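Enquirer: If you scroll down you'll find the structure; I have some questions about it.
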Amino acid sequence: MKPLVGHLETQKNLNALLESGNMPHALILSGAKGIGKRLIAEQFGRRLLCGPEEGAMFAPEGLSCNESHELYPQIEASACPDFLMVELEEKKKSISVEQIRTTLSKLSLSSDGKRIVIIDDADTMNKNAANALLKTLEEPGEGVHIVLIVHNISKILPTIISRCRHFRVSTLKENEVEEILKTELPELSAIQIDELVEISKGSVGDAMRLMENGTLVFELIDGFFKNPSKLNAIQLAEQLQVKKLAPLGVELLLSRIALKAKDDTENAYKWASLYSKINKKRSDMDIFNLSPQLVLETALMDVI
């Protein structure tokens with residue numbers, strides 16, 4: 001089980017809901033991608049089925065659960081029939097009606113106690129899948145609880161939203177992202193961690209995705225700052241474009257300049273002005289669909 005960092009207000013509200021004994025049959029956790037909504041949903045499910053942490057002097061504000069409960073090892077092994085997960089299948093763009101029907105049909109085969117279904121990327125459900133879920137929400141079974149993890153709430157049917165308790169999950173704070181990245185990516189330097197925190201904008205998921213290819217980009221940007229030249233700018237932009245990493249190169253370049261503006265107080269104005277200039281180019285790239293290679297190349301030229 002990955003530790004749940006941050007989101008204390010959401011944890012507190014969900015725990016209060018559990019303690020109230022008046023649990024709704026369906027919840028929505030909405031917010032940006034990669035901020036920990038799935039971790040919250042999974043920990044909520046553990047707490048629902050296993051109960052609160054044993055031996056606590058006071059009622060917990062968070063979602064800590066009783067890890068000695070008989071169901072806990074089953075949940076951790078993804079083998080608990082009362083704890084079901086629906087997620088986007090590999091290379092698929094939407095959750096199918098078959099996935100929803102198959103998962104919901106398993107509920108009738110499990111115990112008569114509390115049961116939970118977590119639907120990740122619920123906003124990718126196709127129309128038939130959403131309608132199949134709606135039927136269950138209209139007549140939920142006793143003890144059945146469904147949690148929808150949603151990135152874009154506008155893609156969820158209003159009739160589904162009206163049957164759910166909605167919790168909006170905020171992005172993580174910078175120090176929380178930093179804490180997670182230090183644990184998950186101990187091989188990174190302090191500068192690299194700072195840059196990922198800057199780029200991720202509160203989304204650890206985005207930071208982790210960046211690192212799938214980000215190490216290469218870090219190395220190339222570092223090399224450029226050690227030996228800035230027009231030739232190196234052209235070669236770096238071309239190399240990253242071939243690997244489809246030019247947009248990431250622009251982001252990391254901006255992050256590096258932002259850090260220099262903070263650390264190099266003598267030249268802070270120079271770096272801040274450069275940041276504004278390159279950030280404008282980044283915005284134009286998004287708005288006018290400009291070539292990322294060209295934007296990165298001209299931005300690197302500005303650094304020289």
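Enquirer: Which ones in segment 2-36 are on the phi > 0 side of the Ramachandran plot and touching a residue at least 60 places away in the same chain (Cβ under 8 Å)?
Expert: Matches in segment 2-36: Gly6, His7, Gly31, Gly34, Gly36.
Enquirer: Still on this model: So the check is Cβ under 7 Å with 6+ separation or different chains; which pairs have a first residue in segment 150-166 that's on the phi < 0 side of the Ramachandran plot and modelled with pLDDT of 95 or more and a second one that's among the hydroxyl-bearing types (Ser, Thr, Tyr) and not in a loop (DSSP other than H, G, I, E, B)?
Expert: Val150/Ser30; Ile153/Ser30; His166/Ser30
Enquirer: Would you check which residues across segment 286-304 are under 27 Å from the mean Cα position of the chain (by Cα) and either aromatic (Phe, Trp, Tyr) or more than 20 Å from Gln235 (Cα to Cα) (or both) and list them? Break it down into steps so the answer makes sense when it comes.
Expert: Here is the first cut: in segment 286-304, the ones under 27 Å from the mean Cα position of the chain (by Cα) are 286-287, 289, 292, 296.
Listed by number, the residues that qualify are Asp286, Ile287, Asn289.
Enquirer: Please verify whether Val217 is among the β-branched types (Val, Ile, Thr), modelled with pLDDT under 95, surrounded by 14 or more Cβ atoms within 10 Å (Cβ to Cβ) and touching a Gly at 6+ places or on another chain (Cβ under 6 Å), treating the condition exactly as stated.
Expert: Yes, satisfied.
Enquirer: Something else about it: Show the residue pairs that are 6+ apart or on different chains and have beta-carbon atoms under 8 Å apart, the first residue being within segment 120-137 and at positive phi, the second being crowded, with 19+ Cβ neighbours inside 10 Å.
Expert: Final answer for the pair search is Asp121/Ile95; Asp121/Ile149.
Enquirer: Now, a different point. Having 2 or more residues that are within 21 Å of the chain's Cα centre (by Cα), surrounded by fewer than 20 Cβ atoms within 10 Å (Cβ to Cβ) and not assigned by TED's automatic domain parsing to the domain that holds Ile28 is the bar; report the helices (runs of 4 or more DSSP H) wholly within segment 115-213 that clear it.
Expert: Because the criterion is at least 2 residues that are within 21 Å of the chain's Cα centre (by Cα), surrounded by fewer than 20 Cβ atoms within 10 Å (Cβ to Cβ) and not assigned by TED's automatic domain parsing to the domain that holds Ile28, the helices (runs of 4 or more DSSP H) in segment 115-213 that meet it are 174-184, 190-200.
Enquirer: Could you count how many residues in segment 76-111 are within 21 Å of the chain's Cα centre (by Cα) and of a type in the set (A, V, I, L, M)?
Expert: Number of matching residues: 5.
The values are calculated or read from the model by the stated rules, or taken from the named source; none is laboratory data. Source: prediction; values computed, not measured. As a convention, Cβ positions derive from the backbone with ideal geometry for all residues, glycine included, and neighbour counts pool all protein chains shown.
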